[in-house]
Amino acid sequence: MRFVLPLAAVAFASLTTYWLGSDPVVAALGLIAAVIVSAAFDRVAGLFAAVLATISLVWLTALHDAATERHIEGLEIAIFAIVAILVATIVTRERRARRTARLAERETEFRIRVTDAVMRGMPVSEAVDMGARGLSQIYELAACTLATSTTVSTVERHPKHGRLFNITTGKISAAVTAREDLPLNARTLESLTVLVTTLGVLFDRATLEQELDRTRIDFETNKARAVFFAAAGHNLRTPLASIRVSLSTLLDAQAELIATEREELIQTAYDEMLRLENLVTNVLTLSRVRSDQSTVDLQPVDLGEIIKVTVNRIEPIAPDHTLVVDLPAALGMVPLCQTMIEQVLTNLLENAVRWAPPESPVTIEVLAGPSQVRLSVIDRGPGVPAGAEEEIFSEFFHLAPGDPREGSGLGLAIARAMVEAHKGQLRYGPTPGGGATFTAEFPVVDPTSPTEHRILVDHGSDE
Amino acid sequence: MSQERNADHGESQGRILIVDDEAPLRRALSISLRARGYEVRGVSGGEQAIVAVADHVSDLVLLDLGLGDIDGLEVLERIRGMSEIPVIVLTARDSQSDKVLLLDAGADDYVTKPFDTEELLARIRSAMRRRVEPMDEVALVVEQDGVTIDLARQLVTIAGERVPLTPTELAMIEVMATHPGRLLTHDYLLRQVWGPGYGKESNYLRTYVGQLRKKLRDDAAAPRFIATESGIGYRWLPGSE
């Protein structure tokens, strides 16, 4: 191509001027145009065209001279040759400068894109893929392999392989194969090496940071787990101690017990056994919800029905409280995990009737928006003192230690874990005029169309 | 809180103050201890406990660490600020450093929940005995299992035969035998025997206790004289009654 193009261009220019019978000045202009076209392709083609053009000009001038009986001026030819070569060189240089600028621009743009992706937390393996793809596009390579200490990525773009270059800088290695028809020159290879080095530094830092993050998360998880089990153990020991003291005293032949004491010890052992059972169940529930999010079985459920069933179950144990249910007119099927929502509601209601004074109303309110459902349990009890609004959700937290109304200390922690398993939020806020309001917000995602975030409102059958 | 006394069980073994915010455990312990002849009073909070101790109506305090109103350790320190009354701590914590902290804060002993009632009773008896015979009244001659320790003459004999002991070994025996039944922390023993600058060198103790056991023909697995409380300290076992 680099020889065919100059030949064709020069031949075209020569023949056109020959047929037009133009004088050598017009011929020279045509030939210079041919040189420019060739030089725009390649430096060698440009110089070759300049040589061809000079020869052609000599031939055309000779023909012209024969017709006009004018003499060939050697000096004129020489000047033409110099001009042709200069033009070829200038065009080539200009072309190369423009290409270098374009390359630099693409390199910079690419570097920003990769850095940005890594900063946004793209895993290093994906970033290395992106790097290999980018390099082979920018430098029009046949193939490119990038390897860091943790990951390797290879991209093939062209079947005709040319020369292979191996670049290793720092903790990154690149094997780049040029296309057979597009060899890499020294300058391109140099800027390629610079770009590979930059990527290497970037990937190295990202690898370290991501490893550090993982370690940090592992550490936090383990620490939280250790704290939880220590607290759980601590809380299991006390009922166990009561049971052991009660039973061993009952079994001790030397202990002089009167009938009422005997009964009291049996009752204590039994009550504490129930407390222990409740505690163990709660500890297991909490660790299951936290460790296995897959237990969230999202099915369209009738939230109104769930509330009614739960209220019916709570009412007998809270005969002095009035449970008020406030549902929107058109509350249709909501995708939630039924067992979990029942548990959340039970825990919140048990808390409310435990702490709110008798005769006070406890309201269960549901608000349904286009993208979320809000379930609130509102009581008129003592509320939560300022500063403890978040603490009440931590495991084994007791607002009134020693108070017989205190439960296992896990109810709110379980409720929050279950709401969070739905990607929702459970928060405390004071009830205007006094009392506690616990609000669970669930994002509503239609399980049949995962991209569409909306509540399934069944307009056909109102409550 | 409640005055839980029972005089039906004949002669009183002593008066025990139970400080526990867990009503079921307080109740079970009260009945259990009363059934063994103790006069029992139960309170639920630290403040009540401090008032009760100030009233001088108890011979021993059973203190649960996990109190609602104030930290159990603070209660212990405040009790120690005004009284030498024996204190046995009920703890649900497993950590040994917590236990060392308790003993250093002045607790006489501790039991970890869930505890064996017989063991608790043994600890109570031991602590009570110490109260009846304060340290300066401890017999200068201790006779136990054929071993005679004459503290005044700095002489230890087995079946009449003198046991050769180094001054450090003698000092160790003196400190431990004058606190029979009491759990002495590493820190306490080191300061008593080696001096105030010591406290972390529990390996010294291991070495000397090993030597003493050999000389007294004691067995670490089934001790007659020195019992090891792993990671915490040593206890001189009082002779069988």
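The values are calculated or read from the model by the stated rules, or taken from the named source; none is laboratory data. As the structure is a prediction and not an experimental result, all values here were calculated from the model. For neighbour counting, all protein chains shown are included, and Cβ atoms are generated from backbone atoms with ideal geometry for every residue, glycine included. Accessible surface areas use protein heavy atoms only, side chains included; no ligands, DNA or RNA. Shrake-Rupley method; radii C 1.70, N 1.55, O 1.52, S 1.80 Å.
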- line: Exactly one of A:345, A:265, A:279 is within 14 Å of chain B (Cβ to nearest Cβ) and either loosely packed, with under 14 Cβ neighbours inside 10 Å or farther than 30 Å from residue A:226 by Cβ (or both), and that one is A:265
message: Step by step: first the residues of the stretch B:98-125, then only those that are buried (at least 17 other Cβ atoms within 10 Å of the Cβ) and β-branched (Val, Ile, Thr), then the one that is farthest from the chain's Cα centre (by Cα). Which residue is that?
response: B:117
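With respect to residue A:289, is the statement that it is farther than 19 Å from residue B:40 by Cβ and either more than 9 Å from chain B (Cβ to nearest Cβ) or surrounded by 20 or more Cβ atoms within 10 Å (Cβ to Cβ) (or both) true? If you could, list the steps in order and put the result at the bottom.
Details: farther than 19 Å from residue B:40 by Cβ: yes; either more than 9 Å from chain B (Cβ to nearest Cβ) or surrounded by 20 or more Cβ atoms within 10 Å (Cβ to Cβ) (or both): yes.
In short, yes.
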statement: When (1) more than 14 Å from chain B (Cβ to nearest Cβ); (2) outside any helix (DSSP H, G or I); (3) out of contact with any helix residue (DSSP H, G or I) (no Cβ under 8 Å at 6 or more places or on another chain); (4) open to solvent by 70 Å² or more (accessible area, probe 1.4 Å) are applied to residue A:297, the one that fails is (3)
task: Can you work out which of the residues in the stretch A:84-95 that are touching a residue at least 12 places away in the same chain (Cβ under 8 Å), of a type outside the set (A, V, I, L, M, F, W, C) and open to solvent by 40 Å² or more (accessible area, probe 1.4 Å) is farthest from residue A:184 (Cα to Cα)?
output: A:89
- request: Name every residue in the stretch A:395-413 that is closer than 14 Å to residue A:283 by Cβ and either of a type in the set (A, V, I, L, M) or part of a loop (DSSP other than H, G, I, E, B) (or both), in order of residue number.
  value: A:395, A:396, A:407, A:408, A:409, A:410, A:413
- request: Only residues that are hydrophobic (A, V, I, L, M, F, W, C) and within 13 Å of another protein chain (Cβ to nearest Cβ): list them for the stretch A:228-247, please.
  value: A:229, A:230, A:231, A:232, A:236, A:240, A:241, A:243, A:245, A:247
- request: Just give me the residues in the stretch B:26-40 being within 8 Å of chain A (Cβ to nearest Cβ) and open to solvent by 30 Å² or more (accessible area, probe 1.4 Å), in sequence order.
  value: B:27, B:36
message: I'd like to check which strands (runs of 3 or more DSSP E) are fully inside the stretch A:96-212 and have at least 3 residues that are free of Cβ contacts under 8 Å to residues at least 12 places away in the same chain and more than 23 Å from residue A:42 (Cα to Cα).
response: none
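Would you point out which residue out of B:208, B:198 is over 20 Å from residue B:100 (Cα atoms) and among the aromatic types (Phe, Trp, Tyr)?
B:208
Residue under question is residue A:165, and the condition is that it be within 30 Å of residue B:23 (Cβ to Cβ), away from every other protein chain (no Cβ under 14 Å) and not acidic (Asp, Glu); does it hold?
Values: within 30 Å of residue B:23 (Cβ to Cβ): no; away from every other protein chain (no Cβ under 14 Å): yes; not acidic (Asp, Glu): yes.
For residue A:165, the condition - within 30 Å of residue B:23 (Cβ to Cβ), away from every other protein chain (no Cβ under 14 Å) and not acidic (Asp, Glu) - is not met.
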- request: Take the residues in the stretch B:77-97 that are within 11 Å of chain A (Cβ to nearest Cβ) and closer than 18 Å to residue B:61 by Cβ, then tell me which one is surrounded by the most Cβ atoms within 10 Å (Cβ to Cβ).
  value: B:90
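Sort out which residues of the stretch A:300-322 are over 34 Å from the mean Cα position of the chain (by Cα), within 28 Å of residue A:371 (Cβ to Cβ) and open to solvent by less than 80 Å² (accessible area, probe 1.4 Å), and write them in order of number. Step through it out loud before you land on a result.
Residues of the stretch A:300-322 over 34 Å from the mean Cα position of the chain (by Cα): A:304-322.
Still in the list and also within 28 Å of residue A:371 (Cβ to Cβ): A:304-311.
A:304, A:306, A:307, A:309, A:310, A:311, listed by residue number.
More than 27 Å from residue A:240 (Cβ to Cβ) and in contact with an Asp or Glu (Cβ under 7 Å, 6 or more places away or on another chain): is that true of residue B:141 in this structure? Full working, then the answer.
Working: more than 27 Å from residue A:240 (Cβ to Cβ): yes; in contact with an Asp or Glu (Cβ under 7 Å, 6 or more places away or on another chain): yes.
Yes: the conditions hold for residue B:141.
Restricting to the stretch A:153-181, count the residues that are in contact with a helix residue (DSSP H, G or I) (Cβ under 7 Å, 6 or more places away or on another chain), over 17 Å from residue A:203 (Cα atoms) and among the small types (Gly, Ala, Ser).
Kept after step one, since they are in contact with a helix residue (DSSP H, G or I) (Cβ under 7 Å, 6 or more places away or on another chain), are these residues of the stretch A:153-181: A:153-155, A:157, A:165, A:167, A:169-172, A:174, A:176.
Keeping just the survivors that are over 17 Å from residue A:203 (Cα atoms) gives A:155, A:157, A:165, A:176.
Cutting the leftovers down to among the small types (Gly, Ala, Ser) gives us none.
Residues that pass the stated criteria total 0.
So that you can scan it fast, the table gives a plain yes or no per residue for (1) open to solvent by less than 20 Å² (accessible area, probe 1.4 Å); (2) within 58 Å of the chain's Cα centre (by Cα); (3) outside the structural domain of residue A:192 (by TED's automatic domain parsing):
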position: A:54; (1), (2), (3): no, no, yes
position: A:79; (1), (2), (3): no, no, yes
position: A:104; (1), (2), (3): no, yes, yes
position: A:126; (1), (2), (3): no, yes, no
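What strands (runs of 3 or more DSSP E) lie completely within the stretch B:36-106 and have 1 or more residues being closer than 23 Å to residue B:234 by Cα?
Numbers: elements: B:39-43, B:60-64, B:87-91.
Correct list: B:60-64, B:87-91.
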message: Would you confirm, using the coordinates I've provided, whether residue B:72 is open to solvent by less than 20 Å² (accessible area, probe 1.4 Å) and over 21 Å from the mean Cα position of the chain (by Cα)?
response: no
- request: Starting from residues that are more than 12 Å from every other protein chain (Cβ to nearest Cβ) and among the charged types (D, E, K, R), keep the ones in the stretch B:50-69 and report whichever is surrounded by the most Cβ atoms within 10 Å (Cβ to Cβ).
  value: B:59
task: Given the conditions (1) open to solvent by 90 Å² or more (accessible area, probe 1.4 Å); (2) of a type outside the set (S, T, N, Q); (3) farther than 30 Å from residue A:53 by Cα, report the number of the one that residue A:99 does not fulfil.
output: (3)
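Of the residues A:151, A:168, only one is among the hydroxyl-bearing types (Ser, Thr, Tyr) and either surrounded by fewer than 16 Cβ atoms within 10 Å (Cβ to Cβ) or assigned by TED's automatic domain parsing to the domain that holds residue A:41 (or both); which?
On the way: A:151 fails: either surrounded by fewer than 16 Cβ atoms within 10 Å (Cβ to Cβ) or assigned by TED's automatic domain parsing to the domain that holds residue A:41 (or both).
From the options A:151, A:168, the qualifying one is A:168.
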message: Looking at (1) more than 11 Å from chain A (Cβ to nearest Cβ); (2) without any contact (Cβ under 8 Å) to a residue 12 or more places away in the chain; (3) not aliphatic (A, V, I, L, M), which one does residue B:47 not meet, given that it meets all the others?
response: (2)
